[in-house]
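Accompanying notes for the structure given below.
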Amino acid sequence: MDDDLAGRLAKDLDDGFEELVHTTQHFVFGVALRMTMDRHDAEDVAQEALVRAYRALQGYDADRIRAMRLRPWLARITLNVQRNRLRRHRPGVAPEGATPEPPAPAADGPEERAETAGRRAACVRLLATLPDASRAVIVLRHIEGLSYAEVAEAVGKPVGTVKAQVHRAIGVLRQRIEDEEQTWTELA
């Protein structure tokens, strides 16, 4: 998909960009949502990221556009927009108690839906406790499904560093899950 779309972007930016937005808007919004932890902010970040992508593409020659891997490139733009927003508006402060809405559960029975929704909400809450850099690599690798090479490209770090960051972040999440389970066991 990336190669075909990049070729269409190189040939006709306006028509190709419309297709780019159509095919990647959920990806860009998903990254933004999991980084901002707020639906309204995520909409703003996603919109700004796509505007910046269009402006950047206007300055690129056709060969550069054809060679692009679009998803990591868009992820990097989205992460940069979010970092810039944090620096301008809320340096070092995450929104108090803000958690994005988890995706709608599958159409199982009421008990299964409630249990699934509860697990998703817990995962979202725990993900929000990670530092931005750790959250970014987890979101890109395990939620958005980018390869380690694509994540490395998106965050501007070597693949080995990204693998180590993902491993450490998963370890932190596992420990927090175990701590919560222990707390619930003690309370029961």
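The values are calculated or read from the model by the stated rules, or taken from the named source; none is laboratory data. Keep in mind that this is a model prediction, so the values were computed, not measured. Quick reminder, even Gly has a Cβ in these numbers, built from the backbone with ideal geometry, and neighbours come from all protein chains shown.
What is the number of the single condition among (1) in contact with a helix residue (DSSP H, G or I) (Cβ under 7 Å, 6 or more places away or on another chain); (2) modelled with pLDDT of 95 or more; (3) not hydroxyl-bearing (S, T, Y) that H26 does not meet?
Looking at each condition in turn, H26 falls short on (1).
What residue, of Q25, Q47, is without any contact (Cβ under 8 Å) to a residue 12 or more places away in the chain and under 15 Å from the mean Cα position of the chain (by Cα)?
Q47 is the lone residue from the list that is without any contact (Cβ under 8 Å) to a residue 12 or more places away in the chain and under 15 Å from the mean Cα position of the chain (by Cα).
Report, by residue number, each residue of the stretch 1-22 that is within 20 Å of the chain's Cα centre (by Cα), of a type in the set (D, E) and either under 25 Å from R125 (Cα atoms) or part of a loop (DSSP other than H, G, I, E, B) (or both).
none
Which of the helices (runs of 4 or more DSSP H) contained wholly in the stretch 38-97 include at least 3 residues that are at pLDDT below 95, among the hydroxyl-bearing types (S, T, Y) and not assigned by TED's automatic domain parsing to the domain that holds G145?
none
Taking the stretch 133-182 on its own, how many of its residues are among the charged types (D, E, K, R) and in contact (Cβ under 8 Å) with a residue 24 or more places away in the chain?
So the answer is 8.
Can you tell which of A6, A75, A53 is closer than 27 Å to V162 by Cβ, without any contact (Cβ under 8 Å) to a residue 60 or more places away in the chain and touching a Leu at 6+ places or on another chain (Cβ under 9 Å)?
Every option except A53 fails the conditions.
So which residues in the stretch 133-172 are more than 16 Å from the chain's Cα centre (by Cα) and either under 16 Å from W73 (Cβ atoms) or crowded, with 19+ Cβ neighbours inside 10 Å (or both), if there are any at all?
If the condition is that a residue be more than 16 Å from the chain's Cα centre (by Cα) and either under 16 Å from W73 (Cβ atoms) or crowded, with 19+ Cβ neighbours inside 10 Å (or both), then K157 is the only one that fits.
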